[in-house]
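Okay, structure first, notes after.
The values are calculated or read from the model by the stated rules, or taken from the named source; none is laboratory data. Since the structure is predicted, the reported quantities are computational estimates derived from the model, not experimental observations. Glycine also receives a Cβ, built like all others from the backbone with ideal geometry; neighbour counts cover every protein chain displayed.
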Amino acid sequence: IGAMLLNLVLSIALLTPLAQGGLALANSMATILELLILLAILRRRLGDIDTRRIALSTARIVVASITMGAVIVWLANALASFGAIVVAVVGTFVGAAVYFFVTLLLRSEEIAFVMRKIKS
């Protein structure tokens, strides 16, 4: 309930200065705060939850996401004259490929798990 209320307050506050981007930012901020609170609760209930491993995994995901986002922004600008559908379709496939390869390069445990499942 707290995260939902925070999302609502931030959405209202950020809607005017950032338009739809404010809604996305508000949702992200509220979700991150909720995640941190839930991790603290989980840690209190279970004890050690391997915080270092979670932080490293999160860092890899953030690097891959930022890289993917940068490539998609560049691609969207480069392909803008071809129309929104082309940008969306090409951006989806290129973005997924960039994310996949960056996570492979960073040796993400999650992508390794997915690859093992695909192989089996």
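Some notes on this structure:
- Failed criterion for residue 23 (all others in (1) touching a helix residue (DSSP H, G or I) at 6+ places or on another chain (Cβ under 8 Å); (2) surrounded by fewer than 13 Cβ atoms within 10 Å (Cβ to Cβ); (3) not charged (D, E, K, R) hold): (2)
- Some residue of region 54-62 being part of a helix (DSSP H, G or I), without any contact (Cβ under 8 Å) to a residue 12 or more places away in the chain and surrounded by 13 or more Cβ atoms within 10 Å (Cβ to Cβ): yes
- Scanning region 32-42 for residues that are surrounded by 11 or more Cβ atoms within 10 Å (Cβ to Cβ) and out of contact with any helix residue (DSSP H, G or I) (no Cβ under 7 Å at 6 or more places or on another chain) returns 32, 35, 37, 38, 39, 42.
- Among the candidates 72, 32, 85, residue that is closer than 25 Å to residue 7 by Cβ, modelled with pLDDT of 95 or more and not aromatic (Phe, Trp, Tyr): 72
- The numbered conditions (1) out of contact with any helix residue (DSSP H, G or I) (no Cβ under 9 Å at 6 or more places or on another chain); (2) closer than 29 Å to residue 105 by Cβ; (3) not acidic (Asp, Glu) are all true for residue 45 except (2).
- The numbered conditions (1) on the phi < 0 side of the Ramachandran plot; (2) at pLDDT below 95; (3) loosely packed, with under 15 Cβ neighbours inside 10 Å are all true for residue 92 except (2).
- Residue check for residue 13: touching a Ser or Thr at 6+ places or on another chain (Cβ under 8 Å), without any contact (Cβ under 8 Å) to a residue 40 or more places away in the chain and surrounded by 12 or more Cβ atoms within 10 Å (Cβ to Cβ): no
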